[in-house]
Amino acid sequence: MDTSAKIYVAGHRGMVGSAIVRSLQAGGYNNIVVRTSAELDLKNQAQVNDFFSTEKPDHVFLAAAKVGGILANNTYRADFLYDNMMIEANIINAAYVHEVKKLLFLGSSCIYPRLAQQPLKEEYLLTGLLEETNEPYAIAKIAGIKLCEAYRDQYGCNFISAMPTNLYGQGDNYHLQHSHVIPALLRKFHDAKQNKQPFTEIWGSGTPLREFMFVDDLASACLFLMNEYDGKLFVNIGTGEEITIKDLAYLVKDVVGFEGDIVFDSSKPDGTPRKLMDSSRLHSMGWKHKTSLRDGLAAAYGFFQHELIREK
Ligand code: GFB
C-alpha cells in the first residue's frame, strides 16, 4: 500500500477495526476512510454501493462484524448469521464492482471443525462438523472466505482472508453476558476486588484450551498481509501458545489483584474443547506477534480501568 492510497476500514469503532486504524496511522497512512454505523448501514446493499461509488477506496480492511462471546453467539443465532452474511456480501461485491485493488477479510478460528486435529492448519476447513454454540457465526465467516475465493476465481479480484485467534485489548466489550472471556474476567475480578467478595464465578469447567492474541499484534499482522500476501488460501493469525481457561482465570486474577477464590459454574457451556491454530505459514512469511499474554492482560486491565472512568 502506498501511504497516500485511500484505505477503507470497515468496522473502525470495533476492537479490531480501531486497532487497524491505529496501526495504519502509526505507519504514516494518511488517507483513511471510515463511517459509523449511523452514517452507513453495512447491511444495506444500496447504501454500501453508494458509499463505494462515491469514495472509490483502493484498499479495504473488512473488520466489520457482529461479534460476541460464547453466550451471545449461542443466543443471537439468527443475528450472527444474517448480519454477518449481509455485511460481507455487500462489501465484497461492492469492492468487486468498484474495482478495489485489494481487500482483506477477517474471519475467526471458530471456522474449523470442533474436533479437528490440532494445531489447526488452514487445509482443515470444511473437514468436519462445527462447534454448535457458534455454528451460525462460523457459517457466515466461512461464507466470507468462500466469497473472497470465488471473486478471485471468477473475476481475478485480489481479495485475501485472515483468520485471527481469540483476541483481546483496547476497545473490547466488557458486557458480562455478551463479551468474550478475557474482558468478562477483567470486569468480574475487578468488581469482586472492589466489593471485597470472597469468590467470583467463571463459566464452564475451566478445562477448555484457548489461544489469545493482543489486538494490536493482530492489526500489525493485517497490515503485513495487506502489503505482502496475495494468495488464495486464507492465513491463520495466532501466537502458537495455548492456556486452559482455569489458568487464564488465575492469571487475570493475579493481574487484577483479586485475592478471593474462583468457583466454576458448570451450568454454562465450555464451547469447543481446544482451538489452537497452526500459524506456521504466517511465521514463515516473516511475521510474529510481540506481546506476551501477561503483558497484554496488564495493558488490557489498564484499558478497562480507563473505560470505567469514561462510563462515569
Ligand atoms: O471467550 P469465549 O466466550 O469464546 O469463551 P469461545 C471462552 C471460554 O471461556 C469458554 C469460558 O469455555 C467459556 O465457557 N468462560 C469462563 C467465559 N468464564 C467466562 C465468562 O465470564 N465469559 C465468557 N464469555 N466466557 C467464541 C465464539 O467462542 O470465540 C465466537 O463463540 C468467536 O464465535 C470467538 O469465534 C473468538 O472461544 O468459546
Check: So, of the residues in the range 127-151 that are farther than 20 Å from Asn73 by Cα and among the hydroxyl-bearing types (Ser, Thr, Tyr), which turns out to be farthest from the ligand (Cβ to nearest atom)?
Finding: Tyr151
Checklist line | Index of the failed condition, Lys196 passing every other in (1) open to solvent by 10 Å² or more (accessible area, probe 1.4 Å); (2) more than 11 Å from the ligand (Cβ to nearest atom); (3) closer than 18 Å to Ile20 by Cβ | finding: (3)
Notebook entry, point to check: How many of the residues making up the range 6-47 are open to solvent by 10 Å² or more (accessible area, probe 1.4 Å), in contact with a His (Cβ under 8 Å, 6 or more places away or on another chain) and either in a helix (DSSP H, G or I) or in contact (Cβ under 8 Å) with a residue 60 or more places away in the chain (or both)?
Noted result: 2
Note to self: For the range 158-175, give me the residue count where each residue is out of contact with any Lys or Arg (no Cβ under 6 Å at 6 or more places or on another chain) and either closer than 26 Å to Thr75 by Cβ or open to solvent by 20 Å² or more (accessible area, probe 1.4 Å) (or both).
What the structure shows: 11
Check: Could you say which residue among Leu176, Leu129 is in a loop (DSSP other than H, G, I, E, B), of a type outside the set (D, E, K, R) and modelled with pLDDT under 95?
Finding: Leu176
Margin query: When the residues of the range 59-106 are narrowed to those that are surrounded by fewer than 18 Cβ atoms within 10 Å (Cβ to Cβ) and part of a loop (DSSP other than H, G, I, E, B), which ends up farthest from the ligand (Cβ to nearest atom)?
Written below: Glu99
Check: Within the range 199-245, can you find the residues that are within 14 Å of Thr165 (Cβ to Cβ), surrounded by fewer than 20 Cβ atoms within 10 Å (Cβ to Cβ) and among the small types (Gly, Ala, Ser)?
Finding: Gly240
Next item on the list: Considering only the range 214-312, give the helices (runs of 4 or more DSSP H) lying wholly within it that have at least 3 residues that are among the acidic types (Asp, Glu).
Entry: 215-228, 293-311
Next item on the list: Take Asp191 and decide whether it is under 12 Å from the mean Cα position of the chain (by Cα) and surrounded by fewer than 23 Cβ atoms within 10 Å (Cβ to Cβ).
Entry: no
Check: Quick check, is Asp50 free of Cβ contacts under 8 Å to residues at least 12 places away in the same chain, assigned to a helix (DSSP H, G or I) and more than 16 Å from the ligand (Cβ to nearest atom)?
Finding: yes
Next item on the list: Give the residue that is nearest to Pro119 (Cα to Cα), with candidates limited to residues of the range 254-264 that are open to solvent by 30 Å² or more (accessible area, probe 1.4 Å) and within 15 Å of the ligand (Cβ to nearest atom).
Entry: Phe264
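The values are calculated or read from the model by the stated rules, or taken from the named source; none is laboratory data. Note that the structure is predicted; figures quoted are calculated from it, not measured. As a convention, Cβ positions derive from the backbone with ideal geometry for all residues, glycine included, and neighbour counts pool all protein chains shown. For the accessible areas, the whole protein counts, side chains as well, though only heavy atoms, and no ligand, DNA or RNA atoms are used. Shrake-Rupley method; radii C 1.70, N 1.55, O 1.52, S 1.80 Å.
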